[in-house]
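Notes follow once the structure below has been shown.
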């Protein structure tokens, strides 16, 4: 049973990483758009996004009846896109 738990954690980390990478090139996406792009169920995407929200990796924006997800931290966006960090003032 222990190997199964390790596999599940690894799969969850992979899913979370895929979501962050899918968000990187876009300013914001809906859960349905992410699910379509990644081939996941919408429920899987919503559950994974809920894990990324508390530490601030993502943020939600409400527009009309849609809830959009965007990357929440500038450093994460820089890391995923490979852009150099701005110089310190």
Would you calculate the separation in nanometres between label points at residue 32 and residue 14, each defined as 7 Å from the Cα along the Cα-to-beta-carbon direction? 2.8
Which order, highest average first, do 43-51, 63-71 follow once you tally other Cβ atoms within 10 Å for each residue and take the mean per peptide? 43-51, 63-71
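Bear in mind that the values in this text are calculations on the coordinates, not laboratory data. Fair warning: this is a prediction, and the values are worked out from it, not measured in the lab. For neighbour counting, all protein chains shown are included, and Cβ atoms are generated from backbone atoms with ideal geometry for every residue, glycine included.
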